[in-house]
1. Taking H as built 1.01 Å from N, whose amide H comes closer than 5 Å to the amide H of Ile72, not counting residues under 5 places away?
2. Calculate what fraction, in whole %, of the accessible area of the stretch 1-147 sits on carbon and sulfur atoms when a 1.4 Å probe is rolled over the protein chains.
3. Give a residue-ordered list of calculated ³J(HN,Hα) values for the stretch 83-100 (Karplus: 6.51 cos²θ - 1.76 cosθ + 1.60, θ = phi - 60°; whole Hz; x for Gly, Pro).
4. Using a 1.4 Å probe, what is the accessible area per residue for the chain, in Å²?
5. Which aspartates and glutamates, on any chain, are close to Lys98 with Cα under 18 Å apart, when same-chain ones fewer than 8 places away are left out?
6. DSSP loop GluC sites (Glu not before Pro) in the stretch 60-151 with at most 12 other Cβ atoms within 10 Å of their Cβ, which ones?
7. Could I have the simple spin-label model distance between Ala174 and Arg82, label points 7 Å from Cα toward Cβ, reported in nm to one decimal?
8. Please give the charge dipole size of the stretch 94-188, origin at the Cα centre, charges +1 on K and R Cβ atoms and -1 on D and E Cβ atoms. Round to the nearest 20 debye.
Amino acid sequence: MKIDIILCGVGGMGALSSAAIISKAALEMGMYMKQAETHGMSQRGGDVQSNLRLSTDEIYSDLIAQGGCDLIISMEPMEALRYLPYLSENGVIVTSNKPFVNIPNYPEEEKLFAELNALPNVVQLDIEQVAKDAGSARSANVVLLGMAAKYIEILTVSDLRNAVATVFARKGEAVVEANLKAFDAANK
């Protein structure tokens, strides 16, 4: 069993933290894992992405081939579209539905969502609002991870929740609880 995931967003949104949570869950379950990250000017709002490959069998490459991605988890809708060439025919996109306009030539929202909504397997949510409603505006990435959990079939929701708790444990119990609440708010 295997899954190839691209996590993407804009620097500072938490895409790489989400990749770390998924990786932690996979390693705790004794799976093979390979990860490759790109930090494109991340401190200035640039593109950030991670290729994350999980398997019960050995993995030889850390990069996902075009057309081979099972799941795109995107903190921002335009970033989801950036990685479409990598999405498999039956692949799923789980994305925020709130654009982060950080470049002068950002596409018009109407065109952006027309392209996104024309795709067969797209799940969208205002993750920032869900995070605020759950009590932790800074946990939008964990809300997105909660949305994506059911598509990461190689791991259980419980595996991912445990990894959330482990990754945030050094920040204290209140941070762990806030992130678990955010995770659960979107994992319905």
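1. Result for Ile72 returns Ile6, Val92, Ile93, Val94.
2. 48
3. 9, 3, x, 8, 6, 6, 4, 9, x, 10, 10, 10, 9, 5, 9, 10, x, 10
4. Accessible area per residue: 50 Å².
5. Answer for Lys98, where 18 Å is the Cα cut-off: Asp47, Glu76, Glu79, Glu108, Glu109, Glu110, Glu115, Asp126, Glu128, Asp133, listed by chain and number.
6. Filter output for the stretch 60-151: Glu108.
7. Here the answer is 3.4 nm between the modelled labels.
8. On the way: 10 positive and 12 negative charges, 69 e Å.
Roughly 340 debye for the stretch 94-188.
The values are calculated or read from the model by the stated rules, or taken from the named source; none is laboratory data. Values in this document were obtained by computation on a predicted structure and should not be read as measured data. Every residue, glycine as well, gets a Cβ built from its backbone with ideal geometry; the counts of neighbours run over all protein chains shown. Side chains are part of the model used for accessible areas, which takes the heavy atoms of the whole protein and leaves out ligands, DNA and RNA. Shrake-Rupley method; radii C 1.70, N 1.55, O 1.52, S 1.80 Å.
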